[in-house]
Every structure is written in structure tokens, then in C-alpha cells.
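Below you'll find the structure, written out as C-alpha cells, and then a few comments.
The values are calculated or read from the model by the stated rules, or taken from the named source; none is laboratory data. Quantities reported herein were computed from a predicted structural model and do not represent experimental measurements. Neighbour counts run over all protein chains shown; Cβ positions are idealised from the backbone, glycine included.
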Amino acid sequence: MPAMPGSATAARQFHASPNSACFVCGKENPAGLGLVFESRDDGRMRAWWSPGPRWEGFQGIVHGGVVSTVLDEAMSKAVSATGCEALTAELTIRFRQPVPSSGRFRIEGWIVKRSKRLIETEAVVESADGREHAHAWARFLALSASVQGPLVRVVAAPDDGEHFEVDPYEAPELPGQERS
């Protein structure tokens, strides 16, 4: 929600730094998924996952939000493996078939294209026999200090710690987005 005209605002710079308490890969998060990603020679990031009933939505099926989170993390790992700090700007998931909670799955993420600060990525969840269960496409916004000027500035009203907005004059223009 925008700050009221004339009210004080606070701006802060975001950083995409590793976090040992990360829900997906954090080694210090006992409630997390505990995935361990490894870099492949082709630049892709890979992890193996055996979800279990703890992550079910419907009985026997992993919750779609958890699957989406795992896919987002795989793409984020691919981006961060290049030394770039970035945040997810857009995420699309196609669920091709349910992800059974009793299975073992290969999670893989990779970069498709990079132009200036926008990084396009993809990721998959595949069963051990190679069947694709979910596919994701995402665009990440680079926060690299190598780009001139502030990249993402969050403007929040001091009396509203729950809402924030990206300053439209500092945010990049995404394809299909028009500035007003």
C-alpha cells in the first residue's frame, strides 16, 4: 500500500545472502526440507528429495505450495551459483502430475537467459525414472552492486510494518509492464 502523501517513509536495500535457516536448504532449520543442492558441470543445480507425509496437502500428495517452493529454490541456487544476488520477480508453475509423498525426486534448476538485470530460469521436479511432475519458469531481478544506482528500494510507511512496495522509479520494467 502506498505511503500517504506527506508522511515519512523509510527505504532499505535488500540483499540476497545465504541463510542457514532457509526453509528449503538451511542446515540450521530443523523444520525445513533439508535439500542439498550440487552444481553440475553444465551449470545446473541438482538436489534429490524424498518428501514424506509431513509435506502432504491431500493424502499421499505433496502440497503444491511446497513443490513450488522447491522449484523456486532450485532456480535461485542456479542464479546464486553465478555469484549474482537476485530475488524472484515472477514465478510460473505447471503441475503435470501429482508429486507423491512416498517418492524420490530429482530437483533441477538452470538459467535460460540473462539480459541486464533480468535473469530467466527454469526448473523441474522429476521422478527417479525421469517422469516430469512439475515444471517452473521464473524471472529473477539481479541486485548486483555491479549495476549502477540502487536496484530495489522498498518504501514503507513507518506505521505499517506489514506492507511494502517497490519504488516504481527504481524497479526495472518487465516485459509487458508499462509505467504510468
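Below is a table of values for the structure above.
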read-out	value
Pair list, Cβ < 9 Å and 6+ apart or interchain, from segment 109-134 residues that are outside any strand (DSSP E or B) to residues that are small (Gly, Ala, Ser) and at pLDDT below 95	116/142; 117/86; 117/142; 117/144; 128/103
Residue selected from segment 102-129 under the condition within 19 Å of residue 56 (Cβ to Cβ) and out of contact with any Gly (no Cβ under 9 Å at 6 or more places or on another chain), by the criterion modelled with the lowest pLDDT	103
Any hit, segment 83-98, residues being hydroxyl-bearing (Ser, Thr, Tyr), surrounded by fewer than 18 Cβ atoms within 10 Å (Cβ to Cβ), modelled with pLDDT under 95 and not in a strand (DSSP E or B)	no
Qualifying residue in segment 142-149 (condition: surrounded by 17 or more Cβ atoms within 10 Å (Cβ to Cβ) and modelled with pLDDT under 95)	yes
